[in-house]
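Quick one: the structure is below, questions incoming.
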Amino acid sequence: MSEQKLIGKVYGIPPQPPVDENTTYLTAGAVTIGVEYRDVNPDNLLETYKDTAYLDELLEKSPEGGFADEGVSIHVCGTADGHEYLRFDVFDDDPHYHYIHAGDEIVNNVIDFDERAHGEMLPWVIERLRTRLPEMLPHAKGDALATQIDAAALAPVIDEVEALATQAQANVRAMRAASK
C-alpha cells in the first residue's frame, strides 16, 4: 500500500483491548471477528492504561470528564497474528471506527461516523464487512491479510455478527426502557 494521508484523529495509544469474557469471536478463515458490548468510562480507561507509557496521552487527549460511551464494538482481527486491524464502535453518543495499524509503531486512526450522511451505523458496518473489508484492511497495514479474505467463509460469519450485534443492542435498549 502506498502511504496515504490519514483522516480523522490519530493517536499513538492503542484502543482499549476487548474484554475477552464479554466478546464472542467468530473465525472466517484469515480473519476473526469479535462482537462485544462495551461500556467505556474514565475509570476503566485509567485502569487499563495506569502503568503504561500511554497514560499521559490518554489524559492529554481526554475531553473534560474523560471518555464515556457505550455500545457494540466489532473487532476485525487477523486469525494468524491476533492483531486487531479494524474496530467499529457502534456507540450511542460518539459512533466511530478505527484503523489500527500493524507494525511496531502505534497508529490508532479514529474516524468519526456521520449518521446524517450514512444513517444508522450498525447496518453500515455490516455492509462494509460484506463489501469493503479487503479495501479497508490495507489502511491498517493489513495488505497481506486483505489478499487472504475468503468471501465464502466470511459471509456466514457476517450474518452471525449481525445477529449478535443486533441482539446486544436490543437487550440494552429493552433494559433502558424497562428502567424508565
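Restrict the check to segment 18-34 and report whether at least one residue is exposed (fewer than 12 other Cβ atoms within 10 Å of the Cβ) and either part of a strand (DSSP E or B) or of a type outside the set (Asp, Glu) (or both).
no
Checking TYR54 against (1) more than 18 Å from the chain's Cα centre (by Cα); (2) within 25 Å of VAL172 (Cα to Cα); (3) hydroxyl-bearing (Ser, Thr, Tyr): exactly one of these is not met. Which one?
(2)
Still on this structure: What do you reckon, is PRO156 more than 12 Å from the chain's Cα centre (by Cα), assigned to a helix (DSSP H, G or I) and farther than 15 Å from VAL31 by Cβ?
When the stated conditions are applied, PRO156 does not pass them.
Let me ask you something else. How many residues, within segment 137-153, are more than 19 Å from the chain's Cα centre (by Cα) and under 19 Å from MET121 (Cβ atoms)?
Within segment 137-153, residues that are more than 19 Å from the chain's Cα centre (by Cα) and under 19 Å from MET121 (Cβ atoms) number 0.
Could you tell me which of the residues ILE126, ILE158 is of a type in the set (A, V, I, L, M), farther than 21 Å from ASP81 by Cα and buried (at least 17 other Cβ atoms within 10 Å of the Cβ)?
Selected residue: ILE126, the only one of ILE126, ILE158 that is of a type in the set (A, V, I, L, M), farther than 21 Å from ASP81 by Cα and buried (at least 17 other Cβ atoms within 10 Å of the Cβ).
Can you confirm whether TYR85 is among the hydroxyl-bearing types (Ser, Thr, Tyr), buried (at least 19 other Cβ atoms within 10 Å of the Cβ) and out of contact with any Asp or Glu (no Cβ under 9 Å at 6 or more places or on another chain)?
yes
Which one of these does THR23 not meet: (1) closer than 22 Å to GLY82 by Cα; (2) more than 14 Å from the chain's Cα centre (by Cα)?
(2) is the only condition that THR23 fails.
So which residues in segment 18-45 are more than 20 Å from ASN171 (Cα to Cα) and modelled with pLDDT of 95 or more?
Result: LEU26, THR27, ALA28, GLY29, ALA30, VAL31, THR32, ILE33.
Of the conditions (1) part of a loop (DSSP other than H, G, I, E, B); (2) free of Cβ contacts under 8 Å to residues at least 40 places away in the same chain; (3) not acidic (Asp, Glu), LEU46 satisfies every one except a single condition; which number is it?
Failing condition for LEU46: (1).
Going through segment 75-98 one residue at a time, which ones are in contact with a helix residue (DSSP H, G or I) (Cβ under 6 Å, 6 or more places away or on another chain) and touching a residue at least 60 places away in the same chain (Cβ under 8 Å)?
GLY78, TYR85, VAL90
Next question. I need the helices (runs of 4 or more DSSP H) fully contained in segment 75-136, keeping only those with at least 3 residues that are within 15 Å of the chain's Cα centre (by Cα).
Output list reads 121-131.
The values are calculated or read from the model by the stated rules, or taken from the named source; none is laboratory data. Please read all numbers here as calculations on a predicted model, not as lab measurements. Backbone-built Cβ (ideal geometry, glycine too); neighbour counts: all protein chains shown.
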